[in-house]
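These notes are about the structure you will find just below.
Just so it is clear, none of the values below were taken in a lab; they were calculated from the coordinates. Please read these numbers as outputs of a predicted model, since none were measured by experiment. Backbone-built Cβ (ideal geometry, glycine too); neighbour counts: all protein chains shown.
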Amino acid sequence: MEEAEQTQANELVDQLVEANELCKEKKIILEEQIYYINKVLIKNNKTLWKTCKHNWIDQQDSSMYEKSTERCIKCYLTNDSRLYN
């Protein structure tokens with residue numbers, strides 16, 4: 001391999017390593033955001049379960065393997081208290 005080709009290959013390697021580092025940093029930030037969002041959703045759902053005056057309707061999209069086939073038309077929670085305690 002010529003010296004010019006080797007230099008280009010080394011530059012490409014350096015660029016890819018730098019791109020990977022930036023992607024890893026971004027991934028960590030996004031994972032932290034997802035973790036926080038999930039905690040907020042869990043907290044909100046627990047509060048909704050306790051405070052909403054649920055109006056249950058049969059959800060047509062549920063499969064036969066799901067425990068509950070009812071969903072609240074106000075808060076959209078599934079009628080299964082184990083999910084929100």
What are the ³J(HN,Hα) couplings of region 40-57, residue after residue, when phi is run through the Karplus curve with 6.51, -1.76, 1.60 and θ = phi - 60°? Round to Hz, x for glycine and proline. 5, 4, 4, 4, 4, 5, 4, 5, 4, 4, 7, 9, 6, 8, 4, 10, 7, 10
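What is the Cα radius of gyration of region 3-83 over 2.2 N^0.38 Å, N being its residue count?
Details: Rg = 24.0 Å, N = 81, 2.2 N^0.38 = 11.7 Å.
Output field value: 2.05.
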Give the residue from Asn44, Ile57, Ala4 lying farthest towards the positive end of the charge dipole for region 3-83; charges sit on Cβ (+1 for Lys and Arg, -1 for Asp and Glu) and the dipole is referred to the Cα centre. Ile57
Name the long-range amide H neighbours of Leu77: under 5 Å, sequence gap of 5 or more, or other chain; modelled H, no Pro or chain starts. Cys72
Dividing the mean separation of Cα pairs under 8 Å (6+ apart) by the residue count of region 3-83 yields a relative contact order in percent of 18 percent
Straight distance only, please: which aspartates and glutamates reach the Cα of Lys24 with their own Cα at less than 19 Å, same-chain residues fewer than 8 apart left out? Asp14, Glu32
